[in-house]
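Contents: one structure, followed by commentary.
A short reminder: the numbers here are calculations on the coordinates, not readings from a lab. All values derive from a computational prediction rather than experimental measurement. Note that each Cβ is placed from the backbone with ideal geometry, even for glycine, and that neighbours are counted across all protein chains shown.
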Number of protein chains: 2
Amino acid sequence: MSKQNNLTLLTDLYQLTMAQSYFAEKRLAEATFSVFVRSYPPNRAYFVCAGLDDVLSYLENFAFDASAIEYLAAQKLFSEEFLRYLSELRFTGEVWAIPEGRIIFREEPLLELSAPIIQAQIVETLIINQLHVQTMIATKAARCLRASGGRPLVDFALRRTHGTDAGMKVARASYLAGFAGTSNVMAGKVYGIPIVGTMAHSFVSSFEHEIDAFRAYVRSFPHNAILLIDTYDTLQGARNAVQVAKEMAQRGESLIGVRLDSGDLVELARQVQKIFDDANLPGVKIFGSGGLDEYDLAELAAADAPFDSYGVGTRMGTSADAPWMDMAYKLIEYDHAPVLKLSTGKGSSPGRKQVFRRRDESGNFVQDTIGLRDEQIAGETLLRQAMHNGRRTAWTRSLSESRNRFAADFAALPESFKLLRNPSHYPVETSQNLADLRERTISKYAVH
Amino acid sequence: MSKQNNLTLLTDLYQLTMAQSYFAEKRLAEATFSVFVRSYPPNRAYFVCAGLDDVLSYLENFAFDASAIEYLAAQKLFSEEFLRYLSELRFTGEVWAIPEGRIIFREEPLLELSAPIIQAQIVETLIINQLHVQTMIATKAARCLRASGGRPLVDFALRRTHGTDAGMKVARASYLAGFAGTSNVMAGKVYGIPIVGTMAHSFVSSFEHEIDAFRAYVRSFPHNAILLIDTYDTLQGARNAVQVAKEMAQRGESLIGVRLDSGDLVELARQVQKIFDDANLPGVKIFGSGGLDEYDLAELAAADAPFDSYGVGTRMGTSADAPWMDMAYKLIEYDHAPVLKLSTGKGSSPGRKQVFRRRDESGNFVQDTIGLRDEQIAGETLLRQAMHNGRRTAWTRSLSESRNRFAADFAALPESFKLLRNPSHYPVETSQNLADLRERTISKYAVH
């Protein structure tokens, strides 16, 4: 699609106009920005961190190429001197972040970035763009996983994600949050995620008889076929699958399973299971799909529908019940002095921060404290250095480690915070030192 | 981010497993697929076509590169012979489509594609991926435009769109649907869309005094500055802007405007307008932003809030109240025989189609008829040939023509179909020939 290899120009114009003003005023001191989610979307009470890997790659490759500079020059907004400065600009800053896969709560900084203010400002847009969608989808995927009652889930969202990049990031974020695989072949290649596929209705309807389609498919995939049985009549489809499974058995092959994609899934799955049981084929798995989200998965689990696994698509891949989060990137320090914003409903807290987490003796989460970065507070510290002098640290790269981090944190998060509807809010307090700094900073600004 | 220049692998695995089966069975005849939206999302009763340009570019560049073939080989699912076939596969088909910018209704085919079935199947995923997000966002943007009461709108969504590709497509689709510009600099470069920018809260808070920030900014932009006045106290911010505007006037410069991004926008805008009026600066424009969508814009217009224009971000760029549509890509013909699908709630109609639109003597839309492509029915035909033998036709390229098409269609769509809530449903009928074909095709399948 659009040429997006060099993403540096993928920013808001005001980042560049502000940069020119900073440049003209020789305001080039170090600034620190903090990224956090201000409030919970409906029915959420936690977030699964994701997107750091892409943010760090972007920062390492940050550079305006010649064609970008040429385009900016044509806008007649920028001085030649400033454009020359931009053309040589690289990202040289420092990043602290909470590792991908960890579970966090509202107001907790998932990333803090310190750099000369022009650099720190221009990168805002893309940093939010990536952390926002990936954290939102990882959180949605975690909800689906919890709802499925232990059944494996596969990402089927690519066709209705918001564009190509979202398709890739949905596959990655849902895998990070415990999904078993994806239908997205490119995501399989780029991220090493297991890829999964069955067949489409069009395959069946391109043959004159459904059973001919099934026979053709298992000839090509004698050991890993899943047949889609709802193109015309689901129960007749199940009987056709039984016939094909018996033919396969005679050849020493076996049918993996069937997929249901429409209708009353609970009732159909029970009837299909009975057809396979009656045919003495209880090992044939039943795979469910068709516009499912965590609320549907919870209903299917509650009804004990005999599905072995599910494909989860559109509603997960768009986070359909909450398709955005109030994620902010706020200036908290300039030239070593704390700063803050007081806009109605959009306030921020000054100073570089750390999140301290306390657990009980079983390892379950008990309470977090947001404090200043150099404070000594009991508990595990969540923010780690992820980039130094514009180079990322090695621990930030591994998707499988992030997946393990999620699994461990999700197990340690008590149930009341994981409810699909009206979850409790996890206790997060502010340290006395941070509260004092906020008060002192507000007093300083009161003179305006 | 992910390497997405060659998008061919960005497909669902089942497209490739079905392709291998078609290949093994020597089922290589021509198939025709139809893309349509099955039903209206909440409060919608029309769609604005968008995304065709990207679909055609993708089809022209369709090719599995060596590293894609290598990855597929490693999956141990595909025969060597099939992979050799894939490595040489190009898209050689034909596309008919409704031009971008045109307004259409549910069930109407916005694109029909005819090609050897393997080609036609593999490209499904990306075709939906692009038409879905762009049509959804163009439709959302059209709703915002109608709600704004004629005030110009600018796309501010990039930071919270679902990834980078969505950020580009939101800028493009909203411009197509009448927006005046975007904050997205790369979209400005790639699509030639006007770019717009003001300043951020962080710029103001990086200075010790708000007025120093304003003075610094107008030094860099003496002829096109818009000052953000709500970082601390909006009315004091307005008074600081007055002071700066007066200083500018003495230098022969003029302040373009101010931006409000939080609080009670109606009340604040009135008070800010009064401050500028009292200071004898009535020409300073007031720009509104802050989580606005079409419902907010309609309220602001109803209250006659004195805003000159608005920035519209997150809720538009994610289509927040309806973040997905039920867009389908259905097989309607295989080897010159009509086919269809009967799955519960997901049926389709057989045969290549055309949409015929009748207007009244003022040019307003009256009724559409979905018929067969070669039928002679009164009215304008909406589907045009967009690709022949894998090469696109010239008319498909121009964004400005698409923007003009939208403006003309939107003006010709009667008001009752454009209501923001509970709009009427536009009359779309099926031709007798199409109904007959569907009946005959169903009878043929009844024997299963």
Would you grab the residues whose amide H sits under 5 Å from the one on B:E333? Only those 5+ places off in sequence or on another chain, please, with H modelled 1.01 Å from N.
B:T32, B:V339, B:G351
Quick calc: nm separation of the 7 Å Cα→Cβ label points for A:R251 and B:N364 -> 6.3 nm
What does the charge count near B:D293 come to, summing +1 for each Lys or Arg and -1 for each Asp or Glu among other residues with Cβ under 9 Å from its Cβ?
0
Over all alpha-carbon pairs of the range A:146-317, lay out the pair-distance distribution in 5 Å bins, whole %, shortest bin first.
2, 9, 18, 20, 19, 16, 11, 5, 1, 0
Charge sum, other residues only, whose C-beta stays under 14 Å from B:R352's C-beta, Lys/Arg counted +1 and Asp/Glu -1
-3
With eigenvalues of the C-alpha gyration tensor scaled by 5 and rooted, the range A:297-448, Å
36, 20, 19
at A:R358 the sorted inter-copy label distances (label 7 Å from Cα on Cβ side), in nanometres, are 7.6
Could you line up A:R219, A:R159, A:R315 from fewest to most neighbouring Cβ atoms inside 10 Å?
A:R219, A:R315, A:R159
In vacuo Debye scattering of the range B:283-322, one point per C-alpha: log10 I(q)/I(0) at q = 0.22, 0.23 Å⁻¹?
-0.69, -0.74
Size descriptor, Kirkwood hydrodynamic radius, that averages inverse alpha-carbon separations across the range B:17-131, Å:
15.7 Å
Signed unit charges on C-beta, dipole axis of the range A:146-317, positive-most listed residue A:S148, A:V266, A:T231
A:S148
Tell me the angle of helix B:399-412 to the major Cα principal axis of chain B, expressed in degrees between 0 and 90 and rounded to the nearest ten.
90 degrees
What gaps in nm, shortest first, separate B:I442 from its twins in the other copies when you place the label 7 Å past Cα toward the beta carbon?
6.7
In nm to one decimal, list the spacings between the B:E375 label point and its equivalents in the other copies, with label points set 7 Å along Cα to Cβ, shortest first.
7.1
Long-range HN-HN contacts of A:G181 with modeled amide H, under 5 Å:
A:D155
The range A:48-85 scanned against label point 7 Å out from A:T393 along Cα→C-beta; backbone N under 17 Å for A:52-57, A:60
Dividing the helical contributions, -39500 (n - 2.57) per DSSP H run of n ≥ 4, by the residues of the protein assembly as shown yields a 222 nm value, nearest 500 deg cm²/dmol, of -12000 deg cm²/dmol
Only Lys, Arg (+1) and Asp, Glu (-1) charged, at Cβ; the range A:1-126 dipole about Cα centre in debye
300 debye
Spelling out what I want: for every residue of the range B:252-260, take phi, set θ = phi - 60°, compute 6.51 cos²θ - 1.76 cosθ + 1.60 (Karplus), and round to whole Hz; glycine and proline get x.
x, 9, 9, 7, 6, x, 10, 10, 10
In vacuo Debye sum over C-alpha of the range A:183-242, base-10 log of normalised intensity I(q)/I(0) at q = 0.16 Å⁻¹, listed in q order, is -0.56
Give or take rounding to whole Å, what are the principal axis extents of the alpha carbon atoms in the range B:241-359, in descending order?
78, 29, 28
Which value, in Å³ per residue, describes the convex hull spanned by the Cα atoms of the range B:86-169?
129 Å³
For the range A:103-155 versus the range A:336-410, the gap between their alpha-carbon centres in whole angstrom
13 Å
Likely footprinting exposure, A:K76, B:K330, A:K274, B:K169, fewest C-beta neighbours within 10 Å first
A:K76, A:K274, B:K330, B:K169
Can you put B:H201, A:H223 in order of Cβ neighbours within 10 angstrom, beginning with the fewest?
A:H223, B:H201
Between the range B:28-92 and the range A:156-210, what is the separation of their alpha carbon centroids in Å?
13 Å
Taking a label point 7 Å from the Cα of A:R373 along Cα-to-Cβ, the residues of the range A:88-119 whose backbone nitrogen sits under 19 Å from it are A:91-100, A:107-119
Around B:N280 (Cβ within 15 Å, Cβ-to-Cβ, excluding B:N280; K/R +1, D/E -1) the net charge comes to 0
With a bin width of 10 angstrom, please list the P(r) values of the protein assembly as shown as percents of all Cα-Cα pairs, from the 0 bin to the one holding the largest distance.
2, 12, 21, 24, 20, 12, 6, 2, 0, 0
Full extension from B:A412 to B:Q385: what is 0.36 nm times the residue separation minus their Cα-Cα distance, to one decimal in nm?
7.3 nm
Taking Cα atoms only, helix A:432-445 is inclined relative to the longest principal axis of chain A by an angle, in degrees rounded to 10, of 60 degrees
Compute the acute angle (0 to 90°) between the alpha-carbon long axis of helix A:13-24 and the principal axis of greatest extent of the alpha-carbon atoms of chain A; round to the nearest 10°.
20 degrees
Ellipsoid equivalent to chain A - semi-axes via the Cα gyration tensor, in Å:
48, 27, 16
